[in-house]
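Worksheet for the structure shown next.
The values are calculated or read from the model by the stated rules, or taken from the named source; none is laboratory data. This is a predicted model, so every value here is computed, not measured. Positions of Cβ are backbone-derived with ideal geometry, glycine not excepted, and every protein chain shown enters the neighbour counts.
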Amino acid sequence: MTLPDAPAAGPFWQRHAHDEILREQVALLRRNFPMTLLASLATAVGTLWVMARVADATMVSLWVLSHVLVVSGVYLLVRSIEPATDPVQAAARKLFVCMAAMGVSWGSLAHVVLHRGNAEAVIYAIGIVSTVSSGALGLGAPLYRAYVTYLGCAVGGVLLAVAMGGGPVMWPALILTTVYFALTCMQAHTGEQATLRSIALKLENERLVEELRAESRRALAAQEAAERADRDKSRFLAAASHDLRQPLHAMGLFLETLQRSRLTEQQRTVLGHAHAASGAAAEMLTTLLDYSRLEAGVVKVRPAPFAVQPLLTALEQEFGVQADNAGLVYRTRETTSAAFADRSLVGLVMHNFISNALRYTGRGGVLIACRRRGRRLALEVWDTGVGIPEDQWDEVFREFHQLGNPERDRRKGLGLGLAIVQRLVREMHTTVELRSRPGRGSVFRLWIDAWDGALQDDTAPLAPDLRFDGLYVLAIDDDEAVRLGMQSLLESWGCRCVTAESSADALAALEAQEVLDDRQPDLIITDFRLRHEETGKQVLEALRAYLGVRVPAIILTGDTSPQRLRDAQSTSALLLHKPVSTGQLRDAMAQLLGPALRRRGPG
């Protein structure tokens, strides 16, 4: 910020064109005035003590009285000035009047002492006025022209008194007083320049601070808008996922039941296509669910030692057929390594890597390998696909970012797979690597800790004598199609299934059942989001309170809302995400009821 230049014409108190700086000068002068007035009164009392010996004491006393009156008037006028709100030119004008009044009062001292005084008394007066004027320099420094007004009135009165007094010291006194006036004016000008620089710096800092605050407000508003958009996106994903999962879940149940019936060859072919279409839709929704679970913060990392090869074998069983159908070679390099990590999250990362590799590989194939590097393992997925330019290596891990899919072909996924990988890797406190050459292929590496200790045998299959015959299951869902599909599937497994659409409906069914026999449900299967804002958690609490026992339960949900996922996970029930395959449902039932089913035995 540059200092304002004074205009060439106009009243001297208006020569500061920059009102903002002038207001700061007025505020400084206004703030300094009260203490200066007190000092002026104290000096006037001292003047009476000194001058009473060399001048007429009565005249000096009258001067002191008049000076007190001037100081009082100046004080009242200064008190009336409000630099922050008054028009700046009017406030400056009042200060000039105050400074002139004080200068005239002190300048008149030399004329007072001439009455019945002598040249020695005038010299005393010159010394006193010079001392007071020098002391006032600190007061007037913020506003140079106001101080010059004061000094001109004070020194002018002294010069006039010296000229009127005559005598041999007249000319030396006039010259010395004039020199003093000039030097003091120069010093006052220097002081004002320093004050102006300080004021300019202060105003510039305030401007920068205000700009910073405005920028912070804009950034905060942008952050709030982004967070609001993110919440809206999460709500949209949750609602869309739930509403789409309901019919997909019901369709899967019906397709599974239909597959167990007698069909012609053509019907089985059509049924296979229906299964494939259902599976593709389920995969997209599962991707959305994985993403929403990560956003909800319900993914917990539970590291444990596990053998890597069974995981790679399971992935080959899942993706091998898909590769064969696409005319690609799928190879897994055998490994004896073991890892210490969360097996399910590692599997999810590898699942996304392999799915992504198959999606963007037109010929050749994929290779899955595990390599050891010191205390670390690198799980690698190699492909011979289109490759990724180096400037896109970071971009492919962003949400909804896809290469080579400008038409947004959903057969190529949603662009969330690698974004999910990035978040999972962050949760596991590890890293991934990408190396790729366009037209030659890519390799994705997941780094995890190696394990050299003993492993527990957790690959034993479930006992073959687990049976569901006669199992009493209470199923609650507000979708009629899902209830019919669930009942049809469970009855095909030999279960006895009672369905309900709400907790009230389920309690009524239990009361009706008690009339026939006193048997309680072996298992409760409930949807999480029901009608009238009722949740599966509330249903379980009501049913368990009625039955008086904590009946094993499974909560099915197609909801991806972060808060709902946290609510569902807070229950003691097993949480499954729609669409639930028949294998997932059987495994969950076996997990919850395994010991009881073994005790039931065959038959």
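Tabulated data for the structure shown
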{"item": "Residue count for region 211-244, restricted to those that are modelled with pLDDT of 80 or more, of a type outside the set (A, V, I, L, M, F, W, C) and more than 16 Å from the chain's Cα centre (by Cα)", "result": "2"}
{"item": "Residues being modelled with pLDDT of 90 or more and among the hydroxyl-bearing types (Ser, Thr, Tyr) - total across region 473-501", "result": "1"}
{"item": "Complete set of residues in region 97-155 that are part of a helix (DSSP H, G or I), charged (D, E, K, R) and at pLDDT below 80", "result": "GLU120"}
{"item": "ARG519 being surrounded by fewer than 16 Cβ atoms within 10 Å (Cβ to Cβ), over 20 Å from LEU258 (Cα atoms) and at pLDDT below 85", "result": "yes"}
{"item": "Residue check for SER80: more than 23 Å from VAL148 (Cβ to Cβ), touching an Asp or Glu at 6+ places or on another chain (Cβ under 9 Å) and at pLDDT 85 or above", "result": "yes"}
{"item": "For SER337: the one exception among (1) touching a strand residue (DSSP E or B) at 6+ places or on another chain (Cβ under 6 Å); (2) without any contact (Cβ under 8 Å) to a residue 60 or more places away in the chain; (3) polar (S, T, N, Q)", "result": "(2)"}
{"item": "Flag if LEU455 is modelled with pLDDT under 85 and not assigned by TED's automatic domain parsing to the domain that holds SER503", "result": "yes"}
{"item": "Hey, ALA163 surrounded by fewer than 19 Cβ atoms within 10 Å (Cβ to Cβ) and either within 19 Å of SER105 (Cα to Cα) or β-branched (Val, Ile, Thr) (or both) or not", "result": "yes"}
{"item": "Filter result for GLU318 (in a helix (DSSP H, G or I) and of a type in the set (Asp, Glu))", "result": "yes"}
{"item": "Flag for PHE340 being surrounded by 21 or more Cβ atoms within 10 Å (Cβ to Cβ) and either closer than 18 Å to PRO310 by Cβ or not assigned by TED's automatic domain parsing to the domain that holds ARG435 (or both)", "result": "no"}
{"item": "Residue check for PRO34: closer than 21 Å to ALA136 by Cα, in contact (Cβ under 8 Å) with a residue 12 or more places away in the chain and not in a helix (DSSP H, G or I)", "result": "no"}
{"item": "Top-ranked residue of region 281-325 - restricted to ones that are under 18 Å from VAL366 (Cα atoms) and small (Gly, Ala, Ser), ranked as modelled with the lowest pLDDT", "result": "ALA314"}
{"item": "Some residue of region 161-173 being modelled with pLDDT of 80 or more and in a helix (DSSP H, G or I)", "result": "no"}
{"item": "Some residue of region 24-45 being over 22 Å from VAL97 (Cβ atoms) and either touching a Pro at 6+ places or on another chain (Cβ under 7 Å) or at pLDDT 80 or above (or both)", "result": "yes"}
{"item": "Filter result for the condition that a residue is out of contact with any helix residue (DSSP H, G or I) (no Cβ under 7 Å at 6 or more places or on another chain) and assigned by TED's automatic domain parsing to the domain that holds LYS578, over ASP505, ASP522", "result": "ASP505"}
{"item": "Test for ALA182: is it surrounded by fewer than 15 Cβ atoms within 10 Å (Cβ to Cβ) and among the small types (Gly, Ala, Ser)", "result": "yes"}
{"item": "Count of region 359-387 residues which are under 37 Å from the mean Cα position of the chain (by Cα), closer than 20 Å to LEU311 by Cα and surrounded by 16 or more Cβ atoms within 10 Å (Cβ to Cβ)", "result": "5"}
{"item": "Residue selected from region 473-504 under the condition free of Cβ contacts under 8 Å to residues at least 60 places away in the same chain and surrounded by fewer than 16 Cβ atoms within 10 Å (Cβ to Cβ), by the criterion farthest from LEU556 (Cα to Cα)", "result": "GLY494"}
